[in-house]
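Here is the structure we will look at, set down as structure tokens.
Quick note: the coordinates plus some simple rules give every number you see, no bench work behind them. Keep in mind that what you see is a predicted model, and the values were worked out from it rather than measured. Glycine gets a Cβ as well: all are built from the backbone with ideal geometry, and neighbour counts include every protein chain shown.
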Amino acid sequence: MTITVKNLSKSYGSIKALDIDQLTIAPGHAYGLVGANGAGKTTFFKCLTNIITDYSGEIIFDGHNPRKETAILTKMGIVLDDLSVYKDYSARFNIQYFAGLRGHYDAVAAEKLADELGLLAALDRPVKTFSYGMQKKLVLLIALINSAEVLILDEPFRGLDQKSVKWFQDYLREWASAEHTLIISSHVQTDLESLCDTVFMIDQGRLVKTVDLTSVNDQAFRLISTDNDALFADLLASTEVSFDKTATGFKIDINSEQWQTLYPQLGEHAIAITAMSKVSVLDQQEVN
Ligand SMILES: Nc1ncnc2c1ncn2[C@@H]1O[C@H](COP(=O)(O)OP(=O)(O)OP(=O)(O)O)[C@@H](O)[C@H]1O
């Protein structure tokens, strides 16, 4: 499904929360949405899914206007940050209820997904006995149960421990494929870098930059410290790699092919890396 957005604007009283001229979401891609608190990310997601309908401009799904043809919305799954499920009731009740609201509940599909998400044994427990990560998985299950083509996740990793973040990322990476489109917001830019091919940067309701991560991801800066910085500087100087000396080591601008050539030379010169990190590609974007 292709989603096109034109002149989308939404205000809450005198606050203009969203003002996007043009944006296209193509099928089979993973998109990220980055923006500070209050930038308009949740409002954008709510407009996309008809939770908010009093916006001006248009959102079109494959030629369909969701405000008039609501059936198209059954192809969208959304996971908002507020985890609004019925916590006194069982997970199974919630799945039945929300899938029923969308017109169709398939018990076999629910159990299959629950099994995949590690929730099968807990299906009949009240949701209030679930850990936060389990509750997030339940909301994801509800979003996926109607065979969504487009999955929208608002801050899905917020509040999760590292192990759960990794689990969700792996699951979503597997899910995003030719027929599936993922749109995901996060404050943690590196979470988006490993998942998305395009990132929309939103500021005060406006789309200020679109970053194609497939083209920039390979040319990443790395911060490296070694046990012999003088020798490492000589080694770098003998290569095509550009670098800057920092207080704690080096910031080097290197692609993966150059890295594969350089790395063995470190071993040959007995230089040990003491610390290394990749600088966020998104952090390097200058917004005009
Ligand atoms: N129901 C509402 N009534 C009034 N103002 C609102 C409402 N919802 C959002 N806003 C305002 O609209 C703007 C955009 O909010 P929104 O929640 O979309 O941002 P966000 O990027 O999702 O923020 P966060 O990262 O903090 O969740 C903010 O100025 C916010 O205060």
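Using only side-chain charges placed at the Cβ, +1 for Lys and Arg and -1 for Asp and Glu, the dipole size of the chain relative to its Cα centre rounds to 1200 debye. Considering only Ala30, Ala99, Ala270, the mean-square fluctuation computed in a Gaussian network model of the chain, springs between alpha carbons under 10 angstrom, is largest for Ala270. Springs join every pair of Cα atoms under 10 Å in this Gaussian network model of the chain, and among Val108, Val150, Val127 the largest mean-square fluctuation is at Val108. Fewest-first ordering of Leu192, Leu151 by other beta carbons within 10 Å of each residue's beta carbon gives Leu151, Leu192.
Loop-located chymotrypsin sites (Phe, Trp or Tyr not before Pro) across the stretch 67-131 with a Cβ neighbour count of 15 or fewer within 10 Å are Tyr86, Tyr89, with loop assigned by DSSP.
3J(HN,Hα) couplings calculated from phi for the stretch 188-200 with the Karplus curve 6.51 cos²θ - 1.76 cosθ + 1.60 (θ = phi - 60°) are, in sequence order, 8, 4, 5, 4, 6, 4, 7, 10, 9, 9, 9, 10, 9 Hz; Gly and Pro show x. Per-residue ellipticity at 222 nm computed for the chain from its helices equals -9000 deg cm²/dmol, with DSSP H segments shorter than 4 residues left out and the rest contributing -39,500 (n - 2.57).
As a proxy for reagent exposure, Val34, Val188, Val199 were ordered by neighbouring Cβ count within 10 angstrom, fewest first; the result is Val188, Val34, Val199. Each of Tyr263, Tyr171, Tyr55 was scored by other Cβ atoms within 10 Å of its Cβ. Arranged with the fewest first, they read Tyr263, Tyr171, Tyr55.
For the stretch 120-130, the Karplus equation 6.51 cos²θ - 1.76 cosθ + 1.60, evaluated at θ = phi - 60°, returns couplings of 4, 5, 9, 4, 9, 8, x, 4, 5, 8, 7 Hz by residue, with Gly and Pro reported as x. Farthest toward the positive end of the dipole of the chain, out of Ala17, Asn255, Thr190, is the Cα of Ala17, where the dipole comes from beta carbon charges about the Cα centre.
Each Cα pair under 8 Å and six or more residues apart adds its separation to the average, and for the stretch 147-232 the resulting relative contact order is 24 percent.
For Phe221, the residues whose amide H sits under 5 Å from its own are Val279, ignoring neighbours fewer than 5 places away on the same chain, with H placed 1.01 Å from N. Shape annotation for the stretch 93-202: C-alpha extents along the principal axes are 38, 29, 23 Å, from largest to smallest. Summary of the geometry: the stretch 183-247 and the stretch 22-60, compared by the centres of their Cα atoms, lie 26 Å apart.
Under the classification rounded if a/c is under 1.5, otherwise prolate if a/b is larger than b/c and oblate if not, where does the stretch 10-158 fall, given a ≥ b ≥ c as square roots of the Cα gyration tensor eigenvalues? Since a/c reaches 1.5 and a/b is larger than b/c, the shape of the stretch 10-158 is classed as prolate.
For the stretch 137-231, the list of trypsin sites (Lys or Arg not before Pro) that fall in a loop by DSSP and count at most 15 other C-beta atoms within 10 angstrom reads Arg158. Close amide-amide hydrogen proximity is noted between Lys209 and Met201, each under 5 Å apart and 5 or more residues distant or on a separate chain (H modeled in the peptide plane; Pro and chain starts excluded). With loop membership from DSSP and a limit of 12 other Cβ atoms within 10 Å, the longest segment of the chain without GluC sites (Glu not before Pro) is 70-178.
Proximity of backbone amide H atoms, modeled 1.01 Å from N, is registered between Arg67 and no other residue at under 5 Å, excluding neighbours fewer than 5 places apart on the same chain.
Cross-link reach is defined here as a Cα-Cα straight distance under 29 Å, omitting same-chain residues fewer than 8 places apart; for Lys112 the lysines meeting it are Lys46, Lys75, Lys87, Lys128, Lys136, Lys137, Lys163, Lys166. Overall shape of the chain was characterised from the C-alpha gyration tensor. The equivalent ellipsoid obtained from it has semi-axes of 40, 25, 16 Å, in decreasing order. When the chain is treated as a Gaussian network with alpha carbon springs shorter than 10 Å, the biggest mean-square fluctuation among Leu120, Leu207, Leu153 belongs to Leu120.
Once Rh for the stretch 226-266 is found with the Kirkwood sum over Cα pairs, what is the Stokes-Einstein diffusion coefficient at 25 °C and 0.890 mPa s, in µm²/s? Approximately 233 µm²/s, per Stokes-Einstein. Under the criterion of Cα pairs below 8 Å and six or more residues apart, the relative contact order for the chain equals 21 percent.
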